[in-house]
1. How many of the residues making up region D:196-205 are more than 16 Å from ligand 3 (Cβ to nearest atom) and either open to solvent by less than 20 Å² (accessible area, probe 1.4 Å) or touching a Ser or Thr at 6+ places or on another chain (Cβ under 9 Å) (or both)?
2. Would you pick out the residues in region C:227-244 that are within 13 Å of chain A (Cβ to nearest Cβ), open to solvent by less than 10 Å² (accessible area, probe 1.4 Å) and not aliphatic (A, V, I, L, M)?
3. Output the residues belonging to region D:142-183 that are within 16 Å of ligand 4 (Cβ to nearest atom) and part of a helix (DSSP H, G or I).
4. Show me the strands (runs of 3 or more DSSP E) entirely contained within region D:39-104 in which 2 or more residues are over 25 Å from the mean Cα position of the chain (by Cα) and either in the same structural domain as D:Leu149 (by TED's automatic domain parsing) or more than 26 Å from D:Leu138 (Cα to Cα) (or both).
5. Among the residues of region C:174-184, is there at least one that is in a helix (DSSP H, G or I), buried (at least 16 other Cβ atoms within 10 Å of the Cβ) and within 14 Å of chain D (Cβ to nearest Cβ)?
6. So how many residues does region A:206-253 have that are part of a loop (DSSP other than H, G, I, E, B), surrounded by 24 or more Cβ atoms within 10 Å (Cβ to Cβ) and free of Cβ contacts under 8 Å to residues at least 40 places away in the same chain?
7. Residues to consider are B:Asp67, B:Asp71; find the one that is under 27 Å from A:Val183 (Cβ atoms) and either of a type outside the set (A, V, I, L, M, F, W, C) or away from chain A (no Cβ under 14 Å) (or both).
8. Looking at region A:190-201, is at least one residue at negative phi, open to solvent by 20 Å² or more (accessible area, probe 1.4 Å), without any contact (Cβ under 8 Å) to a residue 24 or more places away in the chain and at the interface with another protein chain (Cβ under 9 Å from one of its Cβ atoms)?
Amino acid sequence: SEKKLTVGLVVKEPTAPYIQAFMKAAEEKAGELGVNLLIRDGEGDSIKIMDIIDTYMAQGIDAFILGGAVDLRALVPGIRRLNEAKIPVAALDTSPEGGIVDFFLSFDLVQSSAKAAELFVEGIKKRNGGTVPAGVVLEILGDKADMFSHACTEGFDSVLSKYPQLEIAQGEGKWNNTDSHAVVSDLLTRFGNGVLGIYVQTPDIMGPGVVAAIEAAGLNAADFGISGICIGPEGIDLIKKGKMLGAVAQPAYDAAALAVQYLVDKLRGNPVPQIGDTVVVEGALWSPAKVIRNPWADDGAFVVLQGPLVPQEVSPDDPRLWENMLTK
Amino acid sequence: MSGSLKLRLALLDNIIWMMLIAFFSVCALSIPAFATWTNLVNILYHTTIMSMLVLAQGFVLMSGNLDLSIDAVLAFAPGVAVLMSVKWFPGLLGSPWTAIVLTLSIGALLGLFNGFCVARLGMNAFMQTLSVSIILRGLVLFFIPLSIFPLDPVYSFIGKARIAQLGNIPAAIPVTFFIFFIFHVLINYTVFGRNYLATGGNARASFVAGINTNRMIILGFMVAGILSAIAGMLTAGRQDSVSNTMGNGMTLLAFAGALLGGTSMSGGKGSAFGMLGGAILLGMFSNALNLLGVKVTLIHAAQGTLIFLAILVDRFRVSLRSSMLRKEQIRTLHREEDRGAEYTVGKPREESV
Amino acid sequence: MSGSLKLRLALLDNIIWMMLIAFFSVCALSIPAFATWTNLVNILYHTTIMSMLVLAQGFVLMSGNLDLSIDAVLAFAPGVAVLMSVKWFPGLLGSPWTAIVLTLSIGALLGLFNGFCVARLGMNAFMQTLSVSIILRGLVLFFIPLSIFPLDPVYSFIGKARIAQLGNIPAAIPVTFFIFFIFHVLINYTVFGRNYLATGGNARASFVAGINTNRMIILGFMVAGILSAIAGMLTAGRQDSVSNTMGNGMTLLAFAGALLGGTSMSGGKGSAFGMLGGAILLGMFSNALNLLGVKVTLIHAAQGTLIFLAILVDRFRVSLRSSMLRKEQIRTLHREEDRGAEYTVGKPREESV
Amino acid sequence: MKTPALTLNGISKIYPGTVALDRVSFEVYPGEVHGLIGKNGAGKSTLVGILAGLIEPTEGTISLGGRSFRTLSRVRAKREGVAIVPQEPELILDLSVAENLFLGELPSRKGLLDRKTMRTLAEEVLSAYGTGINAGLLAGDLSLSERQLLLILKSCVVEDAPIVVLDESSAPLSGRDALILRKIVEDLRSRGKAIVYISHHIDELLEICDRMTVLRDGKAVAVRERASLDHASLSELIIGEESSLTGGRSEDTPTPGEEILRVEGLSRWGAFGDISFSLRRGEILGLAGLRGSGRTELLKALAGIDPADEGEIFLRGNSVRFRSPAEALAEGIAYLPEEREKEGLLRSFSIRDNLLLNSFGNVCGGRFISWEKSEERALAVFREVRVKAFSIHQGVDELSGGNRQKVVIGRIMANSPEIYLLDEPTRGVDIGAKKAILSIVSERIRNGAGVIITSPGLDDLIEVCDRILVLSKGGIFREYERKDFSEHRLFLDMQGFGQQERRGGRECQAV
Ligand SMILES: Nc1ncnc2c1ncn2[C@@H]1O[C@H](COP(=O)(O)OP(=O)(O)OP(=O)(O)O)[C@@H](O)[C@H]1O
Ligand SMILES: Nc1ncnc2c1ncn2[C@@H]1O[C@H](COP(=O)(O)OP(=O)(O)OP(=O)(O)O)[C@@H](O)[C@H]1O
Ligand SMILES: [Mg+2]
Ligand SMILES: [Mg+2]
């Protein structure tokens, strides 16, 4: 029999719940397929990620998974080294902007953000008698230095640019509730009653702070139609309480499981999705997934997973949501 | 000393509050929503967490040490306390009151450990608290991969509740003021406070004078641990959950607040009200920049610049102070001359008397 | 003094290298892939950036100051230099050599600014460099919202290139060793080095003794700025791009490396080789933990614990050293006694301060 | 027979490389002033440090009030009634005079500080002995002498302990303050306290002490009654075998050469005013004055440390203006600081590095250091000033007080400057070393150089100087040629009696 395969995963940084989902899914899948899985913390630092890639290569990994990164350009030399060593690469969450990434598995951040933004605008319409009035909307960013944040803003802008009467005021929530709370309080003060809605890039780790700030100002969270992408256990809670309008569910768990599956399949010579295919799995939230050429990397397949809107398209209690799988 | 001089000196010694008032006035005049009741309450509310950390750091600095683990304790103490009371031993420690006591005790124990290593084992405070901070952050990640929520209202009270009787302001504000008041008394009006300051001012001299300096240092770290734990309860209460990122990266800003408030890096100096001023000034900076609508990409640079200006102003206080005293002395000499004292003033003269 | 004692004392004084060797041996025996050529080259290569920052921080510490802006300079200097040469004035400054000179000059200028404010204006070094660090990080974010790539091979040479003649090791390794060697000579074998150390040991006494202490302090900050800029070039070269997150959060670990390497927080002490050892030890810790496969959520806690153990060992060096000397003394006395001298000596005990 | 207030029994203290005390036994009775004498590094401070709980002994027992201890913590020793003014006394500069005075036993009511009582008590204590120190000031505002006085009052009066240790407490005191100390000690004796008194001043010891214990190289070699001693026999006891005190000024000194330094109308606000004098090559010029008369400030102005506000300095005929000591040093002016701990020593450095602190460039003749040359030079200086240490690589922290002073003096000499500004060079050194230092000054240093020297007492100045300037309240009061030296007249002038010849002074402070 062949030697046991080893897959190395580096996560962006393990504090966020969806990263926990990456790790759990990868572990479970690796166990199921009988391969070793190594997990390391990239500490949100491209140099650190490249250091780990070097170490992994010294250890002799057979495949590599990048579980998100803050800076997608800076780690490209690391990906290239993997390519040179003929080690297949998969990426989750965000794709490196260079090198060959065999499989990039994620929903499209820009598209999903646009989807959430459309929901957001719908909410404004609904609350204002079917029209979009002139006014201010808040966009709570994660971290200006993070490429993830840039992609979210791009998607959001693509929809909001159709409504020039809406003025966008940005605030940085630094991916945490304390800062999102403070910045929303300040912005509510600044614009008084003129705020039509609050868009939160990733409500999973900034939503509760935003809601608390709204409530602290004596207002009702439901009046701001909070939407965004990535829900998280706390987001599910907010949706159930009616304090959040809705969010695009991130297929974190499935993406990581698929990454391990495809890499192992490729190594074992089993068929893997090719550019142009559409992957369909009955009952999976992420299905159907188109497979297109990765627009950021030098080459590779981008398996575009579906991100359904919760609660509009999928119930918040759906057992297929990773939020519910993790907290079970 | 003339009355006006005394007044001016007092103003100078409270320069942080002068800066606060000056900055406030400028903002009030130029930013529409700034000087409203809601916004002022917001500033204070947002400052509460940082102000606890500033006090913790400032208090340790007063004894001539420093503590880099305060933000990790902020996350660790409430995190582990809530875990214990909700998950590990819900039967035994299930009451939210126990959780509060646990939180404070964990803070105190961590401080005790730091203090013991520094005072007794002679570890370098920087390295000691840095390594403890890394360890605690690691453990928090291990124990709390996912946030724990919601919290018991009793536990989240001081972070979240509003007091209807007091114009609906958050409970955190009076709690903070009360703690600062306690520390003001502690530092200025108790024997412990003076001995503590003396230890920071000159540990050797205090030791010779019979002060148990090791105990002072250990107590200092314990107090910092407790204050950080309170900051953690404020944070957890505000977001109604404990999460592993709480407090991330606040330590350095807490230093800034304490130093702006007149604490000295070399120990032996510090006032509770000064630190409160420092914390509020930092909070006001970021509030004003948010209200002004500074571009997100420039907000950090602007904040840094404001801090730089503040320390520049603070720096001039020292020169201003001595020049004022000097002028006063000259004036006194002149007065003596008028009264026909034996010294003559003015250009140096050959003969005298 | 006996030869073996001298040897043991020398070993103790280089405890960081002893720890390094001990840790290395343990890892080599217990972790399969550890003691391979590739992995050792990896460790050194990964340490190069941090070791430049450790040297920068350590050098400033030696003069009795500290610099919190080194990691921001790491990003700012190459960032702005590359921007100037690629985007702003490509015609004038387009050559990669100019970009290198620019990078180092920007580092030096930022250091000059810090040094001037600290030495001449009397700003507190902590506050000064903290505010500069916030400003620089803010500006980097503003100027470089998106990474700039690829870089000219000349510019990225020291960070990326491998030297075929030297067993294909990365150029960064010999460059780093060379810089440390230069600093070793500078500190130990030049008059400047002695004056610089003296300034850190007691600035007032050095000033009175006729050393231009202000110049020393300013030069110290400038050197730190240049070293941080070099660290920035190493980083940019390694990732073949300049980005705004480079170096984030490395400052505190740089402190740890410098202190582990025998530098003192209160100035006046430090050796280049010690700092190199400190940096490599930190790198080896994280490498070993990575190879060992410690659970990702526990890796930080493990790293913190290793650092804690290292400072604990370092701490015992002091007591060990004096106990060794005392034993030697007693032995000498006994010998004298045998020869009929009148000393008798009781049990040696630890001395408390 | 009375029982002793304290008994030390077979005390030893071994430092790495040094035996500081070797089975010393020592007793002091209530109502007795017991002198502890010996050369620098004999072990005096170590002995009293052990008694006061500052140092842990290697062996031996300490008996206080009938109880025996193997070691004492400071807190314990204080509770057992031992008060001490250490040799390197320190205050908490940011606290007020009153708080410093009561530190460790601040008056309180229910844990709350009683500032009013404290202030009143402090003023009482300070005025009882006529110190003229204002209780409301910060300790940092006081002069060196006043700080010392404050600590003496704290230990002797405020703590009201049955055992009081004074470790060279008179060294930094100037004239009148020394008298205050004497009065305090008299009071203590009459109230039945046991006093351990360390000093290097023979006359002072003879005047104050009832009995004396002599330490030599860590061993107690003699205990004598005051009555059995005179000046000569006491000196001999301290110095030991090398009883003939060599040194001092030899009478056939060369006549001074050309003028190298001239000062005209030098003034600095708050310190001194309108100072004019000149210094010739090979001349030793003394500055005499009381506490606060401005000697230190004047020397610091000449050395560029705290530059003067007005007036001119001519060096070898050229007008110069130094903004920093570095500039002064480059012109060959070296200053020996009065506060050796703060302004003189680098505690983290070895003896060698302290000795060569500012002369590496000179010694090695370039930017790079030759360790052989440096070592050689350092050893030469080390031997010349006779530091008691086993190696020049020892840290200065491990030296006795007097030996630290010798290191600082050695550093000045290592640089071979042209003008020596020596601020109290003989402070804290034993009589043998004092002679040696004075003879170095008058024999070797003056060759080709000019010297300005100060001293807390007059005898040193009278011994070596060619000329003495008396300073009073920041102005030159009178000038004496060697042939006119008279201790009596100098003393009266220092007190400021008669203002006829007064030149300059504090009136120009408002400039
Ligand atoms: N910490 C230390 N480490 C090593 N040796 C020390 C230390 N402290 C003192 N010594 C040594 O112990 C001896 C006795 O020192 P001590 O300070 O008691 O002398 P002393 O009699 O007070 O001298 P002086 O008159 O100069 O003050 C000296 O040789 C000194 O070098
Ligand atoms: N750091 C200081 N702060 C305030 N005043 C000072 C300071 N140093 C000295 N002075 C004042 O300057 C004047 C001259 O002091 P100086 O030290 O020159 O006197 P001195 O003759 O050397 O006396 P001493 O016997 O104390 O050495 C005194 O009035 C003194 O109080
Ligand atoms: Mg002594
Ligand atoms: Mg003086």
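The values are calculated or read from the model by the stated rules, or taken from the named source; none is laboratory data. Given the structure is predicted, the values throughout are model-derived calculations rather than measurements. Positions of Cβ are generated from backbone atoms using ideal geometry, with glycine treated the same way; all protein chains shown enter the neighbour counts. Each accessible area value is taken on the protein alone, full model and side chains, heavy atoms only, with ligands, DNA and RNA left out. Shrake-Rupley method; radii C 1.70, N 1.55, O 1.52, S 1.80 Å.
1. We begin by selecting, within region D:196-205, every residue more than 16 Å from ligand 3 (Cβ to nearest atom); these are D:202-203.
From what's left, either open to solvent by less than 20 Å² (accessible area, probe 1.4 Å) or touching a Ser or Thr at 6+ places or on another chain (Cβ under 9 Å) (or both): D:202.
Summing the residues that are more than 16 Å from ligand 3 (Cβ to nearest atom) and either open to solvent by less than 20 Å² (accessible area, probe 1.4 Å) or touching a Ser or Thr at 6+ places or on another chain (Cβ under 9 Å) (or both) in region D:196-205 gives 1.
2. Listed by number, the residues that qualify are C:Gly232, C:Thr235, C:Gly237, C:Arg238, C:Gln239, C:Ser241, C:Ser243.
3. Going through region D:142-183, the residues within 16 Å of ligand 4 (Cβ to nearest atom) turn out to be D:142-149, D:170-178.
D:Leu144, D:Ser145, D:Glu146, D:Arg147, D:Gln148, D:Leu149, D:Gly175, D:Arg176, D:Asp177, D:Ala178, listed by residue number.
4. D:59-64, D:67-69
5. Scanning region C:174-184 turns up at least one residue that is in a helix (DSSP H, G or I), buried (at least 16 other Cβ atoms within 10 Å of the Cβ) and within 14 Å of chain D (Cβ to nearest Cβ).
6. Pass one, region A:206-253, residues part of a loop (DSSP other than H, G, I, E, B): A:217-220, A:225-226, A:230-231, A:241-245, A:249-251.
Then keep just the ones that are surrounded by 24 or more Cβ atoms within 10 Å (Cβ to Cβ); that gives A:226, A:230-231, A:244-245, A:249-251.
Cutting the leftovers down to free of Cβ contacts under 8 Å to residues at least 40 places away in the same chain gives us A:226.
Total satisfying the criteria: 1.
7. Details: B:Asp67 fails: under 27 Å from A:Val183 (Cβ atoms).
Just one listed residue meets the conditions, B:Asp71.
8. Checked region A:190-201: at least one residue is at negative phi, open to solvent by 20 Å² or more (accessible area, probe 1.4 Å), without any contact (Cβ under 8 Å) to a residue 24 or more places away in the chain and at the interface with another protein chain (Cβ under 9 Å from one of its Cβ atoms).
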